[in-house]
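S.K.: Supplied in structure tokens, the structure appears directly below.
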Amino acid sequence: MDHAADVPDVFDPRIYAAGVPHERYRLLRDRHPVAWQPEPEIAPWPAGPGFWAVTRHADVVRVLRDHRTYSSWLGATQIRDPDPADLPFLRRTMLNQDPPEHGRLRRLVARAFTPARVDAFAGRVRERARTLLAAARDAAEDGAADLVGTVTDEYALLNLTDLLGVPPADRALLLEWTVRVIGYQDPDDAPAPLLGPDGKPLNPRSPALLGEMFAYARALAAHKRDHPGDDVMTALATAGLDPAELEMFFFLLTVAGNDTVRSAAPGGLLALAHAPDEHRRLAEGKATAQSAVEELLRVHPPVLSFRRTATVDHELAGQPVRAGDKVVVFHASANHDERVFAEPGRLDLGRTPNPHVSFGDGPHVCLGAHFARLQLRTLYEEWCAAMPPPELAGPPKRLVSNFINGITRLPLRVSGPPG
């Protein structure tokens with residue numbers, strides 16, 4: 001398929017190291033709302049067949065809601081095609097399933113992931129935010145600290161492991177696994193990729209690289225059956241899942257549950273650093289923390305893109321799409337669509353309505369959204385209560401990824417009166 005000369009590239013993960021390419025997204029929304037994107041080789045990762053980039057809000061919502069036309073099961077949900085040998089394995093997780101099979105697994109995990117169970121951790125989450133912020137302030141050099149290294153990575157990880165019921169001695173493993181799976185496109189964030197017999201990099205989500213995580217999940221589930229607690233892994237271990245389903249739930253909760261907040265929290269603080277007047281509104285109570293969380297998620301969605309595969313020939317926004325084509329929605333573009341959001345480039349912590357798609361839409365809407373919102377709201381409230389207005393003390397560093405909107409370094413001023 002030809003790639004029009006005026007269609008900007010939004011595939012290359014290296015683009016995102018400089019920031020979300022909002023101007024490229026705007027050009028696509030205005031001129032090519034469903035645009036063909038080649039997948040050239042980006043060493044060491046091989047070339048792919050290309051895909052349709054969907055950038056307008058209405059079209060993104062349509063794709064996410066219409067599982068009959070846009071399947072998660074056919075080719076899984078990452079832009080890059082999985083090894084065909086890995087596809088049956090990837091289809092074990094509900095992320096890569098379509099209704100009705102998806103619904104059965106989602107109902108099982110939803111019973112473990114209830115709002116009441118999540119809310120029971122609210123006090124612990126708040127105490128952790130206070131403790132980590134105070135420690136970052138006390139250990140600051142020249143009044144500044146890297147908030148990713150000192151606060152947000154640990155905040156996201158420890159809150160999740162509390163909810164899952166992971167023993168403290170094992171918690172570093174979860175961050176190691178998350179970095180391996182999420183940061184694989186970034187040479188600075190992940191170890192060098194392991195190569196298969198053909199010399200090509202192994203997919204970090206392939207069974208060959210997840211054996212350690214799965215063995216841990218089985219051992220933890222066995223422990224929870226003998227020593228039950230009021231946590232998600234106890235609920236999953238006694239939910240009647242088969243071993244493969246339990247392993248994939250642990251994988252999904254560990255990686256997605258950790259990285260949602262791990263990406264969104266520093267992104268929100270960075271957005272506030274760029275908009276001091278809006279931070280003042282929040283600190284003075286003129287914008288609610290609940291509304292602020294939604295707007296900060298809009299401008300910094302933790303996930304940049306998700307892939308579906310077309311099941312039938314059809315048209316999307318006037319563009320013919322063939323069965324088998326990859327169709328990729330871009331959340332950050334949809335969240336800045338001028339057709340839905342007035343002045344989308346402006347941070348407005350009181351914005352209402354705010355129909356962002358940062359947690360997806362349709363049958364795959366994020367199951368952990370309630371827990372993520374609780375953590376983000378608490379962190380921003382505690383920042384306003386104890387810390388100075390967020391101010392950059394150096395350039396942030398972003399993750400090289402077209403999937404996760406990650407920030408790997410965020411130097412902020414942490415010394416000074418709150419406000």
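The values are calculated or read from the model by the stated rules, or taken from the named source; none is laboratory data. For clarity, every value in this text was computed on a predicted model and none was experimentally measured. All Cβ positions, even for glycine, are placed from backbone atoms using ideal geometry, and neighbour counts span all protein chains on display. Note: areas computed on protein heavy atoms with side chains; ligands, DNA, RNA excluded. Shrake-Rupley method; radii C 1.70, N 1.55, O 1.52, S 1.80 Å.
S.K.: If I filter region 93-115 for residues that are among the hydroxyl-bearing types (S, T, Y) and either more than 22 Å from the chain's Cα centre (by Cα) or open to solvent by 70 Å² or more (accessible area, probe 1.4 Å) (or both), do I get at least one hit?
M.R.: no
S.K.: Being open to solvent by less than 20 Å² (accessible area, probe 1.4 Å) and at pLDDT 60 or above is the requirement here; does D231 meet it?
M.R.: Spelling it out, D231 is indeed open to solvent by less than 20 Å² (accessible area, probe 1.4 Å) and at pLDDT 60 or above.
S.K.: Can you pull out the residues in region 281-338 that are among the hydrophobic types (A, V, I, L, M, F, W, C), out of contact with any strand residue (DSSP E or B) (no Cβ under 6 Å at 6 or more places or on another chain) and within 20 Å of A369 (Cβ to Cβ)?
M.R.: A289, A292, V293, L296, L297, V299, V303, L304, A332, A334
S.K.: Restricting to region 246-275, what's the tally of residues that are of a type outside the set (G, A, S), surrounded by fewer than 23 Cβ atoms within 10 Å (Cβ to Cβ) and in contact with an Asp or Glu (Cβ under 8 Å, 6 or more places away or on another chain)?
M.R.: Within region 246-275, residues that are of a type outside the set (G, A, S), surrounded by fewer than 23 Cβ atoms within 10 Å (Cβ to Cβ) and in contact with an Asp or Glu (Cβ under 8 Å, 6 or more places away or on another chain) number 0.
S.K.: Another question, if that's okay. Of these, A145, A135, which one is outside any helix (DSSP H, G or I) and at pLDDT 95 or above?
M.R.: The conditions single out A145.
S.K.: So, one more: Within the group P389, P395, which residue is without any contact (Cβ under 8 Å) to a residue 40 or more places away in the chain, open to solvent by 60 Å² or more (accessible area, probe 1.4 Å) and within 23 Å of L147 (Cα to Cα)?
M.R.: Only one candidate qualifies: P395.
S.K.: What about S305, is it in contact with a His (Cβ under 8 Å, 6 or more places away or on another chain) and either open to solvent by 20 Å² or more (accessible area, probe 1.4 Å) or in contact (Cβ under 8 Å) with a residue 40 or more places away in the chain (or both)?
M.R.: Judged against the criteria, S305 is a match.
S.K.: Return yes when E343 is without any contact (Cβ under 8 Å) to a residue 24 or more places away in the chain and either open to solvent by less than 40 Å² (accessible area, probe 1.4 Å) or in a loop (DSSP other than H, G, I, E, B) (or both) and no when it is not.
M.R.: Spelling it out, E343 is indeed without any contact (Cβ under 8 Å) to a residue 24 or more places away in the chain and either open to solvent by less than 40 Å² (accessible area, probe 1.4 Å) or in a loop (DSSP other than H, G, I, E, B) (or both).
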